[in-house]
Amino acid sequence: MINITGSIKRAFVFPAIPETALTYYSDISRVAAFLPHISLVHTYAPNQIRMLYETVELGTYTIQIYSDLECTVDLAAKQLQVYPVKIETAAPIQAETSMRHTTGSGLFAIDTQFFDLGSQTRIEYTIRLKADLERPLGMRLMPKRVVNRIAQSITDGRVREIADGFIKESMDAFPGWEATYQPVSE
């Protein structure tokens, strides 16, 4: 088995009030596109998706981790959470392994807190990625501890890329979204 575990916390200042920021980030199907190495596979409901983390490591090995996720928003607490969920209509993920490829399911989660800074919002979020996958056949001659050490080092780097890329991509896309956004009037 390859043990893949990564977690990172980031914070940034967003150029809108918390309610707008929460609305912007709560569309999980759109926001998934801002995560490097992550792609949207299927939308089951407005707040439920299947996503895929995919990367090629050491120039040879393809790692794929699927996760079914649900986004919940707590407006009063100014929190947004994306957590794994069992989606009854979703086909189960079948673990697969070949010489240079491994696929399975895993945990992907995001906890986000929004803090009011007047006309801006401080956003603090934590991303977690975890999976236990079968080793590709090409790695079976390597000792398990070496494989896990390499996997941990690579995963730490990939989680940093996801977190930092998410900030950049979501900030870059915000002006276009804001130009078409119509707040719900009370």
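The values are calculated or read from the model by the stated rules, or taken from the named source; none is laboratory data. Note that this is a predicted model, so its numbers are computed, not measured. Neighbour counts run over all protein chains shown; Cβ positions are idealised from the backbone, glycine included. Quick note on the areas: whole protein, heavy atoms, side chains included, nothing else; ligands and nucleic acids left out. Shrake-Rupley method; radii C 1.70, N 1.55, O 1.52, S 1.80 Å.
For the reader, a short list of remarks on this structure follows.
- Looking only at residues in the range 49-67 that are open to solvent by 30 Å² or more (accessible area, probe 1.4 Å) and within 13 Å of the chain's Cα centre (by Cα), the one that is nearest to G106 (Cα to Cα) is Y66.
Yes/no per residue for (1) under 17 Å from L75 (Cα atoms); (2) at pLDDT 95 or above; (3) acidic (D, E):
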{"site": "Q113", "(1), (2), (3)": "yes, yes, no"}
{"site": "T126", "(1), (2), (3)": "no, yes, no"}
{"site": "A131", "(1), (2), (3)": "no, no, no"}
{"site": "P136", "(1), (2), (3)": "no, no, no"}
{"site": "R140", "(1), (2), (3)": "no, no, no"}
{"site": "V147", "(1), (2), (3)": "no, no, no"}
{"site": "A151", "(1), (2), (3)": "no, no, no"}
{"site": "R158", "(1), (2), (3)": "no, no, no"}
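- If you go through the range 106-162 and keep only what is under 11 Å from the mean Cα position of the chain (by Cα) and assigned to a loop (DSSP other than H, G, I, E, B), you end up with nothing.
- Residue count for the range 88-117, restricted to those that are small (G, A, S), open to solvent by 50 Å² or more (accessible area, probe 1.4 Å) and closer than 30 Å to I167 by Cα: 1.
- Options Y66, Y83; residue that is in contact with a Lys or Arg (Cβ under 7 Å, 6 or more places away or on another chain) and among the aromatic types (F, W, Y): Y66
- A single entry from E19, E54 fulfils the requirement of being over 20 Å from F174 (Cα atoms), outside any loop (DSSP other than H, G, I, E, B) and charged (D, E, K, R): E54.
- Residues located in the range 1-45, provided they are hydrophobic (A, V, I, L, M, F, W, C) and open to solvent by 60 Å² or more (accessible area, probe 1.4 Å): M1, V13, I17, A33, L40, V41
- Subset of the range 68-87 that is assigned to a loop (DSSP other than H, G, I, E, B) and hydrophobic (A, V, I, L, M, F, W, C) - its residue that is most open to solvent (accessible area, probe 1.4 Å): L75
- Counted residues, the range 88-99 - those being part of a loop (DSSP other than H, G, I, E, B) and touching a Leu at 6+ places or on another chain (Cβ under 8 Å): 3
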